[in-house]
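Data block below; observations after.
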Amino acid sequence: MKSKHAPIALAIALACCASTAAPTAEETALLATLQKAYPSTRFTSVSASQVPGIFEVWMGPNVAFVSADNPRFFIFGRLVDAQTMTDLTGPKLQAQRERGDADAEPKVDLAKLPLTDAIRTVLGNGARKLYVFSDPGCGYCRRLEPELAKLKDTTIYTFVVPFQGRQLPQMVMCSQDPSKAWHALMVKGDSSGLTGQADCQSPLDRNLQLARQLSVAGTPTIFYADGSRTSGYADAAEVERRIAGAAPSNGQKVSQRATAQQRHLQ
């Protein structure tokens, strides 16, 4: 007897295995086009999706769908077969998590980050922590900031990097209140706060060196409490999911408190 789940299983198998084939000329050409158009974004693979003319584009652990005819526009989300109600993207995301994000960068020791070089934004009680590498000249960074502003009880440390030119980042960091100027520019599109001297001493060179040390190849890049990261745009719901996944368990919290007490006694 033929199982009614066979078409779904086959669709998932095809979805999971599609990216293992050698890239076609069209896929290679689209990857080259994207890398040229968005040099600060780390594109890891491009493959044809189940929708003709639409390609699945991976940026580290993030995926988007792009038309080869007009790669200006990115669709973030999951591809679903409405006839079988099968999530074709979900199995790939799950497989990536199960293999330990082989394409993702290694985790980072956040205790060593020079937070004095970052713009500090406190939302609510600021109990949770995020560390973001961002560039005011980056379109995806400007899309990300309003999403980050929706978070609750989070302290955000933003390391501004001049990946797409130095003038605008320098104007932000040289403003009388860089945090206020950053928020106005990135969330409200208001550049009136960029009134500082462009020749001031800023942490941009140090931030750029730090980004290189941490293998931050593009903006935005977000680091979470456990040292993991996401590269590229993510909406507030995805960031919340990653924050929750990075939160230490009760056992880890007890261990951390014990370690802190031991350090205090030394």
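Rule-based calculations on the coordinates, nothing more; no lab input. Quantities reported herein were computed from a predicted structural model and do not represent experimental measurements. Don't worry about glycine lacking a Cβ; one is built from the backbone with ideal geometry, like all the others, and counts go over all protein chains shown.
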Can you tell me which residue within the range 204-221, out of those that are closer than 22 Å to Tyr140 by Cβ and touching a helix residue (DSSP H, G or I) at 6+ places or on another chain (Cβ under 7 Å), is surrounded by the most Cβ atoms within 10 Å (Cβ to Cβ)?
-> Thr219
Select from the range 222-241 the residues that are in a loop (DSSP other than H, G, I, E, B) and touching a Phe, Trp or Tyr at 6+ places or on another chain (Cβ under 7 Å) and write down the one among them that is surrounded by the most Cβ atoms within 10 Å (Cβ to Cβ).
-> Gly232
Select from the range 119-140 the residues that are surrounded by 20 or more Cβ atoms within 10 Å (Cβ to Cβ) and in contact with a helix residue (DSSP H, G or I) (Cβ under 8 Å, 6 or more places away or on another chain) and list them in ascending order.
-> Ile119, Thr121, Arg128, Leu130, Tyr131, Val132, Phe133, Ser134, Asp135, Pro136
Identify all residues within the range 50-70 that are surrounded by fewer than 18 Cβ atoms within 10 Å (Cβ to Cβ) and of a type outside the set (A, V, I, L, M); write none if there are none.
-> Gln50, Pro52, Gly53, Ser67, Asp69, Asn70
Under the condition of being in contact with a helix residue (DSSP H, G or I) (Cβ under 7 Å, 6 or more places away or on another chain) and surrounded by fewer than 18 Cβ atoms within 10 Å (Cβ to Cβ), which residue from the range 148-158 is farthest from Lys188 (Cα to Cα)?
-> Lys150
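Give the range 76-88 a look and list any residue that's in contact (Cβ under 8 Å) with a residue 12 or more places away in the chain and either within 25 Å of Thr221 (Cα to Cα) or β-branched (Val, Ile, Thr) (or both), or say none. Can you show your working first?
First, pick out the residues of the range 76-88 that are in contact (Cβ under 8 Å) with a residue 12 or more places away in the chain: 76-79, 81, 84, 86, 88.
Matches in the range 76-88: Phe76, Gly77, Arg78, Leu79, Thr84, Thr86.
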Mind listing just one residue for me: the one in the range 169-203 that is crowded, with 18+ Cβ neighbours inside 10 Å and among the polar types (S, T, N, Q) and, of those, nearest to the chain's Cα centre (by Cα)?
-> Gln170
